[in-house]
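Take a look at the structure below.
The values are calculated or read from the model by the stated rules, or taken from the named source; none is laboratory data. A quick note: this is a predicted structure, and the numbers were derived from the prediction, not measured. Glycine also receives a Cβ, built like all others from the backbone with ideal geometry; neighbour counts cover every protein chain displayed. These accessible areas exclude ligands, DNA and RNA; they are computed on the full protein's heavy atoms, side chains included. Shrake-Rupley method; radii C 1.70, N 1.55, O 1.52, S 1.80 Å.
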Amino acid sequence: MLRFGTLTTRCTAPKKVSDKLKLKNMSGYITAENLFTWTNYTGQDPEVSMRGSDPFRVAIDYSFTPPVKTLTIGLTATF
C-alpha cells in the first residue's frame, strides 16, 4: 500500500509584486490530505483497525468510512 497522507506546496511572490501591493512579502500555499491511496485491497479503507479494545478483533474490516480528502488553499501576507 502506498498512501499520500499530506502534501503541501508553497510559492512566494516576487519582490516586485509585494512592493506593488505595499507588502513586505506574500506567499500562497496548497495543502492536500489523503490525496491518493494505491493498494490491491478491495475494501473502503486498507487501514483497518480494531473495534474497542478486543484483541481478537484486530484487522477486521467493519466498512468504516475512509478518511476524507481535504484541500486547503491559503495566502500569507506580511505588512
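When every residue of segment 28-46 is checked against the conditions, at least one turns out to be on the phi > 0 side of the Ramachandran plot and in contact (Cβ under 8 Å) with a residue 24 or more places away in the chain. Give me the pairs, please: first residue somewhere in segment 1-25 and open to solvent by less than 100 Å² (accessible area, probe 1.4 Å), second residue anywhere and among the acidic types (Asp, Glu), beta-carbon distance under 9 Å, and either six or more positions apart or on two chains. Partner pairs satisfying both residue conditions: 3/47; 4/33; 5/33; 6/33; 7/33.
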